[in-house]
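Novice: After the C-alpha cells below, expect a handful of questions from me.
The values are calculated or read from the model by the stated rules, or taken from the named source; none is laboratory data. Being a predicted model, the structure only gives us computed values, none of them experimental. Because the Cβ atoms are built from the backbone with ideal geometry, glycine has one as well, and the counts that use them run over all protein chains shown. Each accessible area value is taken on the protein alone, full model and side chains, heavy atoms only, with ligands, DNA and RNA left out. Shrake-Rupley method; radii C 1.70, N 1.55, O 1.52, S 1.80 Å.
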Amino acid sequence: MVDNLKYGTYLAAMTTLRLIALDDTVVFPGMSITLSVDTGDDRRVFLVPRHGTEYAAIGVVADVVEQVRLPGRGAAVVLNGLFRGVAGAARPSADGSLRVEVEERPDQTPPASRTVELEREYRAVVQEILDLRGDDGRVSAFVRSITEPGALADTAGYAPDLTFENKRELLQALDVVERLRLALELQRNRLSELQVRKRIREDVESDTQNQQRQYFLRRQLESIRKELGEDSGSVVEEYRTKIAAAGMPDAVREQAERELGRFEKIGEQSPESSIIRTYLDWLLAIPWSQRSEERLDPVHARAVLDADHAGLEDVKDRITEYLAVRKLRAERGVADDRRSGVILALVGPPGTGKTSIGESIARATGRKFVRMSLGGVRDEAEIRGHRRTYIGALPGRLVRALRDAGTMNPVIMLDEVDKLGADWRGDPSAALLEVLDPAQNHSFRDHYLDVELDLSQVLFIATANVGDSIPGPLLDRMELIRFDGYTTPEKVAIARGYLWPRQVERNGLRPDEVTIEDAVLNTVVADYTREAGVRQLERELGTVLRKTATKIASGTAPPVVIDTDAVRSALGRPKFFQEAAVRTAVPGVATGLAVTGAGGDVLFVEAAAMPGRDGLQLTGQLGDVMKESARIALSYVRSHASALGIGEQAFADRQFHVHVPAGAIPKDGPSAGVTIATALTSLLTGRPVRHTVGMTGEVTLQGRVLPIGGVKQKVLAAHAAGLTDVIVPERNRADLDEVPAHVRDQLRFHPVTSVDEALAIALEPPGVALAA
C-alpha cells in the first residue's frame, strides 16, 4: 500500500502479528513493559489498548525482549515498544491466539521549522512540572536526551496524571506535529492543575500557621488579662449588667441570659464567641425601654404642619385626628390598645412633598424620624433579617431603624413602597404584611434576633407614586391618602415660602440681594413647568438664581430684581403652551384628561378617515384597555350614526385612524372612551370640538358614560392647561368636592350620563368652522 503523508511518500509494510489486548493501559513506542502472557515463538507482537469490549484502532508493535517461565507453569515476557501500527483484519490462529494484520506506521520526521518552537515550549512546560514535583534531575536528563519530536511527544504518556482517554488520543495521533501540539496541551493542563494544588497547599499551610499563631497569642492575651483582672469573667459580668439595665421584656431577657450562659461556657477563645457577642450587642442596641415624650397637642401639630407644607389638607387632618384621639385616651385613662396603630400610605406624583411631610409629622408629634428607602429592594431578608446560621448575618432594616431612632415609638417612613421587587430570594412586600398589620405587628419576629418586637407604637408612613403597583393585601393594611398635586396658586405660595429662600441660600445670596414678584413666579410655573409637584419648579428657580449670582459676582450692584425679561433670559423660550385652541381648530381632534405617574395631564385624541377597507388603526403606544375603548367608541358612533347626523355612506370603504400624540409614552385605561367617541363624531360631522372643553369618562356600547378615577388630578391638569369646561361622568359628581375651591370657581363642570350629552356640550353648533 502506498500512503501519501505530509512529509514524504513511503511504502507502508503490512505484517501479521499476535494481538495482545491491554485493559485500560496504553503503551507508547520506546516503553518497556512486563506482561504475564505467553507469546509462544513470536518475536514481535501487537499491543492494543482496550476499554471494556472496545479496542483502539491504533496500537504499538513491540519486540519480545525476554521470556521468563514462572513457577506453576506460568509465563511472563518483557516487551519493548517499537512504533505505531494500524490494526486491520483479525483472525484466530491454530494455537488459539488472535492474529491481526498490522499496517506499520513508524514516525516520519517533519521539517525542523515546524517543530522547533513546539519542542522548545514542550520542554519548558515539562521542566516546570518537574520542578513542581521535585524531580531529582534524572527525568530532566532523560527528556533532554530525546532528539526526535515524535519520541518527545510520546514522553507525555509517562505522566501518571493523564487519563486513559488522554493517552489513547495521544497514541492515535499519527501526525508528529499534531501529536506534539496535543502533548503540549495536555502538559499545560497538568501544569495548571499542579500550580492550583500548590497554591491551595500553601494557603492551607498559611492558614494553619495563622491559626496556631492566633491560638498562642490568645493564650498569651488570656494570661495577661488574668494578671490585669480583665478575664472573660469580667466581660460576662459587663454583659450581665447591661442586660439587667436594658429594660428588656421577660422573654427577651431570658433569651439574652441563655446566650450569655453559652458564651461563658465556651470562653472567648472559641470561634463562636464572636457570633454570640455580636448577637448580644444587637439585643442591647434595641431601645427596649426608651420612648419619646410624645406631644399630644393637635393645635401645635397643625401649626407645625402648616408652617412646613402648603396644602396637603388630608394628611394634616389625619395626623391631627390621630393626636386628638391619643390625647383623649390619655386624659381619660384609657389604656393603649396595641392593635390600634396608625399606618398611612401617601400616594401621589413625585415632588408633592410625601417624603418631607414625614419629617414634619415627627417634629409635630415630638418623635424621632427614620427613613427606610425600599426602592429596588428584592430580598425578604432586608425586612426580616438573616438567620444566625449564615456567616455575616444581620438583623433586618426595621431592627436597624429602631436602633438608629433610639426609641420604640419613632416615625418610620417606608419610602417608595410601590417599587419593591421580588425574586428567588423572596418577596419583601409579603414580609411587610406582618409589619404593617396593626393586629400582628405587636409581636413581630426578626429572623436574626428571633425574639418578639413590639412595633405597635411605631407610626408607619408609606409613600408611593402609583397605588396600583402595591400588592392588594399590603395596600389593604394601610390607610390610603392621595396627594393629587398642587394648583398654580399653591405652587406660587410654596415657591415664595420655601423654594425661593432655600435656593437663595444655596446659591450664596442674601435675601436682600435679590427679589421677585408673585406674578413672575406665576410665569415660571405656567410657562416652564407642568408637573404635579414642585421639583422642576425648584430647579428652574435655581437656574435663575445661578445666573443672578454670576452677575453679582461679576460686579453688578445688588439688589437685583427678577422680572419676566430676566426669567426669559435665564430659562429661554417657554417650554409649555396652552395649545388646546390650536389643536382642536379642525374637526377630529378632542381634548382628553388623563392621570400619569407624574400627575394629571392633558392629551389630544386625533381621528382621521381615508379610503380603504373597513377597519380601525390605533397608534400612540396604547395599552389593551385603551384600544378596546377606541373600538367601543367607533362601534357606538356607527350604531348611532343616524341620530348623530352621520350618513351611512360615511363608513363605506373608509378606514379610520385614531392617534394619541406623545407616542413615546405608554398610555392605557378606559377613561379616554368619551374623548375618542367625541373625536370620531367631530370628524364625521365636520363639527370642531370647543377648544375650552376637556373630558374624561368610560363609554359603553349603549353610549353610557361610566365613572373613572383620578378626577381631582385631571381637573387640576385641565385648569393648568387653560380649559374652562370639564365633562365628567355623573357618578363622579361627588369627587368634585375634593377639588380646591378656587379651582372649582374658575371651571364649569358638566356631569353627563351618556355620550349624547357629552357631544352636545363638546361640539360646536352645525355650520361653525374655526380657522386653523
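Novice: Can you give me the % of accessible surface on the range 240-279 that is carbon or sulfur? Probe 1.4 Å, all protein chains present, nothing else counted.
Specialist: 51
Novice: Another question about this same structure. Considering only protein heavy atoms, what is the solvent-accessible area of Phe651 at a probe of 1.4 Å, reported in Å² to the nearest 10?
Specialist: About 10 Å², rounded to the nearest 10.
Novice: Now a separate question. Report, to the nearest whole %, how much of the accessible area of the range 650-719 belongs to carbon and sulfur atoms, 1.4 Å probe, protein only.
Specialist: The nonpolar share, carbon plus sulfur, comes to 52 percent.
Novice: When the dipole is taken about the Cα centre of the chain, and only Lys, Arg (+1) and Asp, Glu (-1) are charged at their Cβ, what size is it in debye, to the nearest 20?
Specialist: Charge dipole of the chain: 720 debye, to the nearest 20.
Novice: Using a 1.4 Å probe on the protein heavy atoms, what percent of the accessible area of the range 116-230 belongs to carbon and sulfur? Display every interim value, and only then the final one.
Specialist: Values: 3550 of 7360 Å².
Reported share for carbon and sulfur atoms: 48 percent.
Novice: Also, quick follow-up: Can you give me the orientation-averaged projected area of the convex hull built on the Cα atoms of the range 60-144, in nm²?
Specialist: Value for the range 60-144: 9.9 nm².
Novice: Keeping every protein chain in place, order Thr109, Thr115 by accessible area at 1.4 Å, biggest value first, i.e. largest first.
Specialist: The most accessible residue leads, giving Thr109, Thr115.
Novice: Which of the lysines could be linked to Lys491 by a straight reach, that is with a Cα gap under 19 Å, when you skip same-chain ones fewer than 8 residues away?
Specialist: Here the lysines satisfying the reach criterion relative to Lys491 are Lys316, Lys354, Lys575, Lys712, Lys714.
Novice: Which order do you get for Tyr498, Tyr636 if you rank them by accessible area with a 1.4 Å probe, largest at the top? Can you show the working numbers first?
Specialist: Numbers: Tyr498 65, Tyr636 5 Å².
Largest to smallest exposure gives the sequence Tyr498, Tyr636.
Novice: So what is the relative contact order for the chain, in percent, with contacts set as C-alpha pairs under 8 Å and at least six apart?
Specialist: Contact order relative to length: 7 percent.
Novice: If one computes P(r) from the Cα atoms of the range 703-772, what percent of pairs lie at distances over 17 Å? Walk me through the intermediate numbers first.
Specialist: Working: 1134 of 2415 pairs.
I get 47 percent for the Cα pairs in the range 703-772 exceeding 17 Å.
Novice: Suppose each label sits 7 Å from its Cα in the direction of the beta carbon; what would the Glu117-Gln212 distance come out to in nanometres?
Specialist: Result for the modelled spin labels: 4.8 nm.
Novice: Also: Starting from the Cα of Lys627, draw a straight line to each of the lysines and keep only those under 16 Å, dropping any in the same chain fewer than 8 residues away.
Specialist: Hits, sequence-local ones excluded: Lys667.
Novice: For the chain, compute Rh as the Kirkwood radius over C-alpha pairs and then the Stokes-Einstein diffusion coefficient at 20 °C and 1.002 mPa s; write the answer in µm²/s, rounded to an integer.
Specialist: D, rounded to a whole number, is 60 µm²/s.
Novice: Could you name the lysines whose alpha carbon sits less than 30 Å from that of Lys242, not counting residues in the same chain fewer than 8 places away?
Specialist: Lys226, Lys265, Lys368
Novice: What accessible area, in Å² to the nearest ten, does a 1.4 Å probe give for His640?
Specialist: About 60 Å², ignoring ligands and nucleic acids.
Novice: The chain: longest stretch without exposed trypsin sites (Lys or Arg not before Pro) (DSSP loop, at most 13 other Cβ within 10 Å), sites themselves excluded?
Specialist: In short, 74-290.
Novice: Return one whole number: the accessible area per residue of the range 342-409 in Å², for a 1.4 Å probe.
Specialist: 38
Novice: If each of Ala650 and Ile33 carries a label point 7 Å out from its Cα toward its Cβ, how far apart are those two points in nm?
Specialist: Each label point lies 7 Å from its Cα, and together they span 9.7 nm.
Novice: How many Å² of accessible area per residue for the range 136-289, probe 1.4 Å?
Specialist: Heavy-atom accessible area per residue stands at 60 Å².
Novice: Loop sites only, by DSSP: take the GluC sites (Glu not before Pro) in the chain that have at most 14 other C-beta atoms within 10 Å and name the longest stretch containing none of them.
Specialist: Between exposed loop sites, the widest span is 1-229.
Novice: Using the Cα centre of the chain as origin and beta-carbon charges of +1 (Lys, Arg) and -1 (Asp, Glu), tell me which of Leu420, Val102, Gly392 is placed farthest towards the positive end of the dipole.
Specialist: Most positive-ward Cα: Leu420.
Novice: Could you please put Tyr215, Tyr486, Tyr279 in sequence from largest to smallest accessible area, using a 1.4 Å probe?
Specialist: Values: Tyr215 115, Tyr486 20, Tyr279 0 Å².
The most accessible residue leads, giving Tyr215, Tyr486, Tyr279.
Novice: Next question. Which residues' amide hydrogens lie under 5 Å from the amide hydrogen of Tyr448, considering only partners 5 or more residues apart or on another chain, with H built in the peptide plane?
Specialist: Sorted by chain and number, the residues that satisfy this are His386, Gly396.
Novice: Can you give the calculated 222 nm mean residue ellipticity of the chain, where each DSSP H run of n ≥ 4 adds -39,500 (n - 2.57) and the sum is split over every residue, rounded to the nearest 500 deg cm²/dmol?
Specialist: The per-residue figure over the chain is -13000 deg cm²/dmol.
Novice: Long-range amide H contacts for Leu455: which residues qualify at under 5 Å (H placed 1.01 Å from N, peptide plane, sequence gap of 5 or more or a different chain)?
Specialist: Result for Leu455 returns His442, Ser443, Phe444.
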